[in-house]
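Since every read-out is calculated from the coordinates, none of them should be taken as a lab result. Computed from a predicted structure; not experimentally measured. Using ideal geometry, Cβ is built from the backbone for each residue, glycine included, and neighbour counts are taken over all protein chains shown.
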């Protein structure tokens with residue numbers, strides 16, 4: 001288990017962005033049946049999700065969040081010297097999406113920019129990484145962009161995944177501040193769990209082909225191809241119960257926080273049953289458990305900052321708040337952070353007008369080299 005802390009780093013602000021398209025449990029009921037969807041919605045707690053249309057990427061949502069946050073902070077863009085993009089749905093295999101975002105945000109050429117390929121634990125890992133870079137003196141101000149448009153990785157006939165996943169992007173700002181409270185972190189990995197949450201084809205281990213694009217039902221009747229997300233929910237649940245309680249307790253011990261000291265627990269928004277089960281097993285008061293998945297679903301690396309912007313803005317405005325963040329899942333990987341939020345800027349959630357954005361993107365493509373223009377969306381098979 002990796003354990004660390006940082007001093008003199010302030011989390012200055014958080015913003016998030018979601019697409020305007022809303023997918024509801026009622027729509028899913030037309031595919032899977034009303035009785036089945038009622039059971040799923042009751043267990044997961046998810047009533048609707050935000051879904052990005054084809055042509056809208058995670059970078060577009062993160063850009064919208066970053067623009068809102070930088071405006072609300074009134075930061076000079078030349079003062080940002082590190083940009084970190086955390087996602088498992090990048091624009092391209094290469095170049096890194098952080099380079100694209102660096103250009104679109106108009107950041108200084110003296111700014112370092114790089115991608116981190118992580119999902120459910122990605123935000124907590126990103127906070128750990130950004131804060132350590134600032135604490136070390138390697139960075140004065142850092143911008144963490146995290147998000148996923150994972151809903152398009154899901155087969156529309158996959159009952160185990162379709163009702164769960166939504167799309168979102170987030171931006172978080174860090175800066176050096178000598179008086180800031182110490183942050184505490186714990187991180188871990190168990191790579192033996194890699195096959196329980198995976199898109200098997202598409203990378204270099206298994207290249208996409210006509211064969212990988214063919215969809216087939218599994219033993220439970222869920223339909224998917226090798227190009228799409230496979231999730232073993234039972235194994236992920238067992239992993240979560242095995243690792244997360246100790247992760248949270250250990251992080252609280254490192255920070256010397258009692259359960260009553262914590263103002264809010266913000267866990268990765270996987271599903272309500274898992275979150276409430278975790279809370280009860282750790283004796284976390286349910287009123288301190290931050291939930292925002294009912295209207296957004298599981299947004300992977302954006303789920304923690306989205307929950308913060310959706311539920312905690314008023315609390316953070318009233319004074320310092322002790323918050324325990326925990327992300328866990330794909331990999332398997334996990335991370336937690338104990339952070340005192342001292343009146344950060346929490347921007348209003350940006351709802352992206354996707355039709356208008358698609359028009360702007362199409363217009364901008366006319367100036368791109370032929371190799372970068374969007375081809376017709378034709379199925380591989």
Need the C-alpha centroid separation for region 281-305 versus region 127-199, integer Å.
15
Take the alpha carbon atoms of region 1-47, find their center, do the same for region 48-70, and report the distance between the two centers in whole angstrom.
15
Taking region 135-185, how much of its Cα-Cα pair set, in percent, is spaced more than 19 angstrom apart?
52
Given labels modelled 7 Å from the Cα in the Cβ direction, how far is it in nm from residue 157 to residue 4?
4.6
Per 0.36 nm of contour for each residue apart, how much would the distance between residue 370 and residue 232 grow if the chain were fully extended, relative to their Cα-Cα spacing?
45.6 nm
For a protection proxy built on the mean count of beta-carbon atoms within 10 angstrom, sort 80-88, 222-230, 1-9 highest first, please.
80-88, 222-230, 1-9
Reciprocal mean inverse distance between Cα atoms of region 105-231 - Kirkwood radius, Å
17.6
Relative contact order of region 268-347, please, whole-number percent, based on alpha carbon pairs below 8 angstrom and at least 6 residues apart.
27
Would you kindly state how much longer the chain becomes between residue 342 and residue 355 on full extension, computed as 0.36 nm times their sequence separation minus their alpha carbon distance, in nm to one decimal?
1.0 nm
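Assuming R0 = 35 Å, can you tell me the calculated FRET efficiency for the pair residue 93 and residue 43, based on Cβ-Cβ distance, to the nearest 0.05? Please report the intermediate quantities before stating the final value.
Details: r = 36 Å, r/R0 = 1.03.
Computed FRET efficiency for residue 93 and residue 43: 0.45.
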Tell me, 123, 328, 204 in order of fewest to most beta-carbon neighbours within 10 Å?
204, 328, 123
Just to be sure I understand the model, the point goes 7 Å from the Cα along the line to the Cβ. What's the resulting residue 26 to residue 288 distance in nm?
3.8
With contacts defined as alpha carbon pairs under 8 Å and 6 or more residues apart, what's the relative contact order of region 2-372 in percent?
27
Using only C-alpha atoms and all pairs of different ones, pull out the Kirkwood radius for region 66-132 in Å with one decimal.
12.7
For region 1-143, what's the relative contact order in percent, using C-alpha pairs closer than 8 Å and at least 6 residues apart?
25
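Can you compute the FRET efficiency between residue 114 and residue 210 using 1/(1 + (r/R0)^6), with r the Cβ-Cβ distance and R0 = 45 Å? Round to the nearest 0.05.
On the way: r = 34 Å, r/R0 = 0.76.
Step by step, r from the Cβ atoms, then E = 0.85.
For the chain, what is the mean residue ellipticity at 222 nm derived from helices alone (per DSSP H run of n ≥ 4: -39500 (n - 2.57); sum divided by total residues; nearest 500 deg cm²/dmol)? Walk me through the numbers on the way to the answer.
Working: 11 runs with 123 residues, N = 381.
When only DSSP H runs of four or more count, the value is -10000 deg cm²/dmol.
Based only on Cα atoms, what mean projected area does the convex hull of the chain have, in nm²?
On the way: hull surface 74.0 nm².
The Cα convex hull of the chain, projected and averaged over all directions, gives 18.5 nm².
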